[in-house]
Amino acid sequence: MLILKENPRGRFLRISEEVNGKRNAIIIPSTGLADFKKLLDEMVKADKKITAKSEPAKPPVVVPAASEVVAKPVKRTMSEAARAKISAALKLRWAKIKSAGK
C-alpha cells in the first residue's frame, strides 16, 4: 500500500504491507522522493534490459502446504500494468497535495 501523507514535520510517502496480521512500513520523506524515484527508474530500466536479452521468464509459482514452514520469502513480481497504475495513482495524489498547499 502506498500512501502520501503529511504531518506537522512535513510530507512523506509510507509504503506498507500486512502479512499474517503484522504490518511493516517504510517511510520516505518528501525530500527523498526524487532520489527514490530515480532509483526505481534505474531498477525498471535494468529489469527491461535483463528481460530483453533473454526469453521472458515466468515467475515461479510457489504454494506451500498449510502445514509447511516457509523458510524463505516468496519472490513477488509486479506486472507493467500494475506499475503503471501505481505510478498514476502516486502522481494524482501528489498533484492533489501540491494543489491543496497552494
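Okay, here's what the table says:
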quantity: All positions within the range 1-36 that are touching a Pro at 6+ places or on another chain (Cβ under 6 Å) and exposed (fewer than 10 other Cβ atoms within 10 Å of the Cβ); calculated: none
quantity: Contacts under 9 angstrom Cβ, first residue in the range 1-27 being acidic (Asp, Glu), partner surrounded by 10 or more Cβ atoms within 10 Å (Cβ to Cβ) and not in a strand (DSSP E or B), 6 or more apart; calculated: 6/30; 6/97
quantity: Condition met for residue 51 (among the polar types (S, T, N, Q) and modelled with pLDDT under 80); calculated: yes
quantity: Selection status of residue 82, out of contact with any strand residue (DSSP E or B) (no Cβ under 9 Å at 6 or more places or on another chain), in a helix (DSSP H, G or I) and at pLDDT 85 or above; calculated: no
quantity: Hits in the range 1-15 - residues which are under 15 Å from residue 89 (Cβ atoms) and in a strand (DSSP E or B); calculated: 2, 3, 4, 5, 13, 14, 15
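The values are calculated or read from the model by the stated rules, or taken from the named source; none is laboratory data. The shown structure was predicted, so the numbers you read here are calculated from the model rather than taken from an experiment. Neighbour counts run over all protein chains shown; Cβ positions are idealised from the backbone, glycine included.
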